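Structure first, then comments.
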Amino acid sequence: MKVLVLDDEPDMGMIIGHMVRKSGHEVRVHDEANEAFESAHEFRPAVVICDRNMPQTTGMDFYLRLKEHGWKGAFVILTGDITSDVDEITNLGIKHVLFKPQDLSRIIPLLNELQLANT
């Protein structure tokens, strides 16, 4: 399955990318939203894993931008802010919110679940 990771912290992106690749998925990792958007257009990921708060955009804005351009995959928000308003995120149609670092171990099981749901 194709997975795109967007996190403005390069180390976090590399960690997640390594986990995803090691589990057998094809992955592209970006730390800048415009670059990730262009990559998503060409790569056509089934899943996007995206940081909630980044300097140039929010994960929710990135999700809306992808949707406006016809992307139909699953979107996972990662946030390090335990006070994040999960309702605000899910009201946009984003079904998966994970907290970092404690939920990083849930990424691969979630990807496996999403892959099964799409077969």
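Determine whether L98 is closer than 23 Å to S23 by Cβ, in contact with a helix residue (DSSP H, G or I) (Cβ under 7 Å, 6 or more places away or on another chain) and surrounded by 15 or more Cβ atoms within 10 Å (Cβ to Cβ).
Judged against the criteria, L98 is a match.
Answer with yes or no whether P45 is in contact (Cβ under 8 Å) with a residue 12 or more places away in the chain and in contact with an Asp or Glu (Cβ under 7 Å, 6 or more places away or on another chain).
no
Could you grab me the full set of residues in segment 74-93 that are out of contact with any Lys or Arg (no Cβ under 8 Å at 6 or more places or on another chain) and either within 24 Å of H18 (Cβ to Cβ) or of a type in the set (K, R) (or both)?
Matches in segment 74-93: V76 only.
Could you say which residue among K2, K22, K67 is of a type in the set (K, R), under 20 Å from R106 (Cβ atoms) and in contact (Cβ under 8 Å) with a residue 12 or more places away in the chain?
Selected residue: K2, the only one of K2, K22, K67 that is of a type in the set (K, R), under 20 Å from R106 (Cβ atoms) and in contact (Cβ under 8 Å) with a residue 12 or more places away in the chain.
Sort through V48, V3, V20 and tell me the only one that's in contact with a Pro (Cβ under 6 Å, 6 or more places away or on another chain) and among the aliphatic types (A, V, I, L, M).
On the way: V48 fails: in contact with a Pro (Cβ under 6 Å, 6 or more places away or on another chain); V20 fails: in contact with a Pro (Cβ under 6 Å, 6 or more places away or on another chain).
Among V48, V3, V20, only V3 is in contact with a Pro (Cβ under 6 Å, 6 or more places away or on another chain) and among the aliphatic types (A, V, I, L, M).
Quick one: how many residues across segment 74-84 are more than 10 Å from the chain's Cα centre (by Cα) and surrounded by 11 or more Cβ atoms within 10 Å (Cβ to Cβ)?
So the count comes out to 3.
Applying the selection to segment 42-54, what residues are in contact with a helix residue (DSSP H, G or I) (Cβ under 9 Å, 6 or more places away or on another chain) and not basic (K, R)?
Result: P45, A46, V47, V48, I49, C50, D51, N53, M54.
Residue check: is D81 of a type in the set (D, E, K, R) and assigned to a helix (DSSP H, G or I)?
For D81, the condition - of a type in the set (D, E, K, R) and assigned to a helix (DSSP H, G or I) - is not met.
L92 - would you say it is farther than 22 Å from M14 by Cα, in a helix (DSSP H, G or I), more than 13 Å from the chain's Cα centre (by Cα) and not hydroxyl-bearing (S, T, Y)?
Judged against the criteria, L92 is not a match.
When the residues of segment 3-31 are narrowed to those that are of a type in the set (D, E, K, R) and buried (at least 16 other Cβ atoms within 10 Å of the Cβ), which ends up farthest from G59 (Cα to Cα)?
Just the residues of segment 3-31 that are of a type in the set (D, E, K, R), to begin with: 7-9, 11, 21-22, 26, 28, 31.
Next, from what is left, pick out any that are buried (at least 16 other Cβ atoms within 10 Å of the Cβ): 7-8, 28, 31.
On the way: D7: 9, D8: 11, R28: 17, D31: 12 Å.
Top of the filtered list is R28.
Where a number appears in this text, it was derived from the coordinates with a stated rule and is not lab data. Bear in mind the structure is a predicted one, so any value in this text is a computation, not a measurement. Backbone-built Cβ (ideal geometry, glycine too); neighbour counts: all protein chains shown.
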